[in-house]
Amino acid sequence: MHMPLEDSLGLNLLAANQHRAEHNRAHFDAWDLLCLNVMSSPGAGKTSLLERTLSQLADDFAMAVLEGDMTTQLDAERLEAVGVPVVPITTGRACHLDAAMVSGGLRLLQQRLDPADLDLLWVENVGNLVCPAEFEVGEHRKVALLSVTEGDDKPLKYPVMFREADCVLITKVDLLPYLPVDVERIAAHIHQVNPHCSVIQVSASRGDGLDAWHDWLRQQRTAQQSRSLVVA
Amino acid sequence: MHEVDMTRCLLLSMQEWRQRHAPSVPTVRTVHLQVGDFTCVEPEQLSITWGVATADSWLQGSRLAIEPVPLVGRCLACGGSYSPSAAAGYRSPCCNRPMEEIVSGRELRIRSVDYELRASETTAPNAPKPDPNPDPSPTPSQSAVPSAVPLRT
Ligand SMILES: Nc1nc2c(ncn2[C@@H]2O[C@H](COP(=O)(O)OP(=O)(O)O)[C@@H](O)[C@H]2O)c(=O)[nH]1
Ligand SMILES: [Mg+2]
Ligand SMILES: [Zn+2]
């Protein structure tokens, strides 16, 4: 017996995750919010950056965070202190978030607020430069962080992550005077694997580059809204 | 470690496939995959975790056949193909351009599934709905009928 199959089905090894991710994204679109998936190795500065961004953009955007990288309860408290709802996501021992985990987080979020009131939804992924790049959660944009202390070879060593990112933030640039590292070389390596992505140098502790980063965010949000106007 | 999660996801994808397309629980011999070099998947690790993950499931005893797909880039300056490498910083050797277009190497694809259907199971009570456009080929006899079904070419 020969069973012909639809072309549209089961083509991807990760199809099951892909379908759930598309489901999440359909909700995000219906709620008219922009979802950002923030990824990096552990300690590159995701939570610190979010802290700054959430407080500086509090008047511009209604935001919430799905926190998938809780080292301690402190991380969530740091972000909640800014006045933004934070929902921790239970990952078990998984080394990345997947679409089903994020959809579980969304259900918890909905108990606290109506997502249609949000402009931006942040997903802080598990600290890992490898597999989060392959597991979509339904995000509209991928943001990867790389701290200057990690060395300039990382974009070439973990090229998939940097290829997939829409924006790469080179973090902790306040430490550059103390390190034998060439930040232009880091940026060049990122552009070698992903020539069109935005690369922004930032320091969450000193504030460098935050304006450029926030401008990038505003552009993405504006682009999304003008697109949905065209569709509507 | 992350191959365990990959495997789990592949298993779910296979489950989706079966629910939509297999008229009964098939005996799966081989799952043919294409895995690109420019992905986060290690084919060998995947094969190892597959055996563990499918134990005691309907896929028990099945085998993964993984066809690696090399990373091929296209240089936008001259149009030539090249093999981007970390050693060369992923640049094109012809014109020293960054890696702009990826022609192949990002595949994570289930290409086909070799399976057998036992005729006695085709009317199992929880069998999925029949295909609305059934293949006119004759129904299988008592003996198992192997088939290789392309999911995508
Ligand atoms: N010097 C410096 N340290 C930073 C900066 N951003 C984060 N850190 C430090 O890096 C460590 C990890 O930061 P965290 O935000 O928790 O990283 P995450 O694991 O990616 O969320 C903490 O000790 C932070 O204080 C920065 O811009 N400059
Ligand atoms: Mg964190
Ligand atoms: Zn060329």
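The values are calculated or read from the model by the stated rules, or taken from the named source; none is laboratory data. Nothing here was measured: the structure is a model prediction, and the numbers come from that model. So basically every Cβ, Gly included, is an ideal-geometry build from the backbone, and we count neighbours across all protein chains shown. Remember, those area values only see protein heavy atoms, side chains included, never the ligands or the DNA or RNA. Shrake-Rupley method; radii C 1.70, N 1.55, O 1.52, S 1.80 Å.
Quick notes on this one:
- Total residues in the range A:156-200 satisfying the condition of being touching a residue at least 24 places away in the same chain (Cβ under 8 Å) and within 16 Å of ligand 3 (Cβ to nearest atom): the figure is 1.
- Restricting attention to the range A:200-209 and to residues that are in contact with a Leu (Cβ under 7 Å, 6 or more places away or on another chain) and assigned to a loop (DSSP other than H, G, I, E, B), the residue that is farthest from residue B:75 (Cα to Cα) turns out to be A:204.
- Cβ separations smaller than 8 Å between residues 6+ apart or across chains give the following pairs from the range B:56-76 residues that are closer than 30 Å to residue B:97 by Cβ to residues that are of a type in the set (A, V, I, L, M, F, W, C) and assigned to a loop (DSSP other than H, G, I, E, B): B:71/B:38; B:73/B:99; B:75/B:94; B:75/B:95.
- Screening the range A:114-149 for residues that are of a type in the set (Gly, Ala, Ser) and away from chain B (no Cβ under 14 Å) and picking the one that is nearest to ligand 2 (Cβ to nearest atom) gives A:147.
- Where a residue in the range B:87-104 is touching a residue at least 24 places away in the same chain (Cβ under 8 Å) and its partner, wherever it lies, is open to solvent by 30 Å² or more (accessible area, probe 1.4 Å) and within 11 Å of ligand 3 (Cβ to nearest atom), with Cβ under 6 Å and at least six apart: B:100/B:76; B:101/B:74; B:103/B:74
- Exactly one residue out of A:49, A:34, A:13, A:57 is within 16 Å of ligand 1 (Cβ to nearest atom) and aliphatic (A, V, I, L, M), and it is A:49.
- Qualifying residues in the range B:46-64 (those that are more than 18 Å from residue B:18 (Cβ to Cβ) and within 14 Å of another protein chain (Cβ to nearest Cβ)) - the one farthest from ligand 2 (Cβ to nearest atom): B:47
- Matching residues in the range A:64-83 - criterion: being open to solvent by 10 Å² or more (accessible area, probe 1.4 Å), touching a helix residue (DSSP H, G or I) at 6+ places or on another chain (Cβ under 9 Å) and either modelled with pLDDT of 85 or more or within 16 Å of ligand 3 (Cβ to nearest atom) (or both): A:78, A:81, A:82, A:83
- Strands (runs of 3 or more DSSP E) enclosed by the range A:84-199 - at least 3 residues per element that are within 23 Å of residue A:214 (Cβ to Cβ) and within 14 Å of ligand 1 (Cβ to nearest atom): A:120-124, A:141-147, A:167-171
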